[in-house]
1. Looking at region 169-216, which of its residues are of a type outside the set (Val, Ile, Thr) and part of a loop (DSSP other than H, G, I, E, B)?
2. Take the residues in region 149-163 that are part of a loop (DSSP other than H, G, I, E, B) and among the small types (Gly, Ala, Ser), then tell me which one is surrounded by the fewest Cβ atoms within 10 Å (Cβ to Cβ).
3. Just to verify a result, which residue in region 136-148, among those that are part of a helix (DSSP H, G or I) and open to solvent by 10 Å² or more (accessible area, probe 1.4 Å), is modelled with the lowest pLDDT?
4. Looking at region 271-282, which of the residues that are under 30 Å from Leu71 (Cα atoms) and in contact with a strand residue (DSSP E or B) (Cβ under 6 Å, 6 or more places away or on another chain) is surrounded by the fewest Cβ atoms within 10 Å (Cβ to Cβ)?
5. Answer yes if at least one residue in region 300-317 is surrounded by fewer than 17 Cβ atoms within 10 Å (Cβ to Cβ) and free of Cβ contacts under 8 Å to residues at least 24 places away in the same chain, and no otherwise.
6. Take the residues in region 84-131 that are within 24 Å of Val199 (Cβ to Cβ) and at pLDDT 90 or above, then tell me which one is most open to solvent (accessible area, probe 1.4 Å).
7. Filter region 184-219 for residues that are hydroxyl-bearing (Ser, Thr, Tyr) and under 21 Å from the mean Cα position of the chain (by Cα); which is farthest from Ile247 (Cα to Cα)?
8. Would it be correct to say that Pro323 is closer than 30 Å to Val126 by Cα, modelled with pLDDT of 95 or more and of a type outside the set (D, E, K, R)?
Amino acid sequence: MARGSTRPTSRDVAQAAGVSQAAVSLVLGDKWRGRVSQATAERVREAARELGYRPNLAARNLRLGRTRTVLLVVPALTTEFFAGVYTGAARVAADHGFGLVLYPSPEGVGPARDPFASAQAALDGVIASSMAADALSAIRGDQLPLVMLDSDPSGSLGAATVNLDIADGVRQICDHLLGLGHRHFLHLAADVPSWTFAVRARELATRVGAVQGTSVRTVSAPISIDGALTATAAALGSSGPRPTAVICDDDKLAAGAYKALRRLGLRVPDDMSVTGLDDLALATALDPELTTVRLDAELFGERGMAALLAVLEGRAPEEGDIPVELVVRGSTAPPGP
């Protein structure tokens, strides 16, 4: 190759050093130890210097150490939960010399415009919530090392998944309410097509359905206080067995249920028990304070970033779902007469 006529490639380096392109990738990606000899590594680096070779980041998959930047893709930041996820992920990223860019999907969930001229040239990897998975197509994040949060392990786009034990959280809620004597339930479900909410519905149906004489009616609502208020009021105004407990997919939905119950002249928990799921700051602002499931958002973010580091380094990420905890407060009690 004539020096300066065209940009040198990894093939040119391989030919000059008398090695394969795979060996060039290992050496220049600093993953050669134990795979090629030190003499070969030195020969590759010398050939790269002589040729003036620089990796074409946009044309190759990024590996550890190229940009040391990771993208966190989440729904719009309408609650503090994903702020906690960011805090935890950023802490682990900083400990390993990485920067973390937060990318909230502008519409909350669904597609989003690519914020980068070339995501593959700008990023080492992506951590994404399943609630914002559609945004990955816009940034082509599924072409980078990817860790999915709250995602079906059997069908995930990512090289790894990190999940909270949402199913166990729902089991804890059901066991608590069934233990209090409740048998008829209203499930206020988040109107979001996401695996994590499908898990809630499935586990609720399974746990309650195992007890004779029970019923569950499910209504969907946007994750907003007004949406939950409207859905709860409509459900309670319809025919059928009157529920004695409202099980909400998250705390914001529970706040809307509170408002609907109050407008209907029903008291929490005397006339109707209510549960949430998240343990946001909102849970203790409600009166009575909300019985809910505490999700450790910061640990969730920490585990997500740690999993991505493992993927980038060729290690197996830590296995096992993150435990969750039922927090019993004043919004649940035995059903009234």
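The values are calculated or read from the model by the stated rules, or taken from the named source; none is laboratory data. Given the structure is predicted, the values throughout are model-derived calculations rather than measurements. For neighbour counting, all protein chains shown are included, and Cβ atoms are generated from backbone atoms with ideal geometry for every residue, glycine included. Quick note on the areas: whole protein, heavy atoms, side chains included, nothing else; ligands and nucleic acids left out. Shrake-Rupley method; radii C 1.70, N 1.55, O 1.52, S 1.80 Å.
1. Let us first name the residues in region 169-216 that are of a type outside the set (Val, Ile, Thr), namely 169, 171-172, 174-191, 193-195, 197-198, 200-205, 207, 209-210, 212-213, 215.
Scanning region 169-216 gives Gly181, His182, Arg183, Asp191, Pro193, Ser194, Ala210, Gln212, Gly213.
2. Here is the first cut: in region 149-163, the ones part of a loop (DSSP other than H, G, I, E, B) are 150-159, 163.
So of that shortlist, the ones also among the small types (Gly, Ala, Ser) come out as 151, 154-156, 158-159.
On the way: Ser151: 24, Ser154: 7, Gly155: 9, Ser156: 18, Gly158: 26, Ala159: 17.
Checking each candidate, the answer is Ser154.
3. We begin by selecting, within region 136-148, every residue part of a helix (DSSP H, G or I); these are 136-139, 141-143.
Still in the list and also open to solvent by 10 Å² or more (accessible area, probe 1.4 Å): 137-138, 142-143.
Values: Ser137: 63, Ala138: 62, Asp142: 55, Gln143: 69.
The selected residue is Asp142.
4. Within region 271-282, the subset under 30 Å from Leu71 (Cα atoms) is 276-282.
This time we only want the ones that are in contact with a strand residue (DSSP E or B) (Cβ under 6 Å, 6 or more places away or on another chain), so: 276-277, 279.
Working: Gly276: 30, Leu277: 29, Asp279: 24.
The qualifying residue surrounded by the fewest Cβ atoms within 10 Å (Cβ to Cβ) is Asp279.
5. The answer is yes, given that some residue of region 300-317 is surrounded by fewer than 17 Cβ atoms within 10 Å (Cβ to Cβ) and free of Cβ contacts under 8 Å to residues at least 24 places away in the same chain.
6. If we filter region 84-131 for residues that are within 24 Å of Val199 (Cβ to Cβ), which is where we start, we get 84-86, 88-89, 104-105, 107-111, 126-131.
Narrowing the set further to residues that are at pLDDT 90 or above leaves 84-86, 88-89, 127.
Values: Gly84: 11, Val85: 1, Tyr86: 75, Gly88: 0, Ala89: 1, Ile127: 2 Å².
Only one residue fits best here, namely Tyr86.
7. Quick first cut of region 184-219, residues hydroxyl-bearing (Ser, Thr, Tyr) only: 194, 196, 206, 214-215, 218.
Filter once more, so that each one left must be under 21 Å from the mean Cα position of the chain (by Cα): 194, 196.
Details: Ser194: 18, Thr196: 15 Å.
Filtering region 184-219 for residues that are hydroxyl-bearing (Ser, Thr, Tyr) and under 21 Å from the mean Cα position of the chain (by Cα), the one farthest from Ile247 (Cα to Cα) comes out as Ser194.
8. On the way: closer than 30 Å to Val126 by Cα: yes; modelled with pLDDT of 95 or more: yes; of a type outside the set (D, E, K, R): yes.
So Pro323 fits the description; yes.
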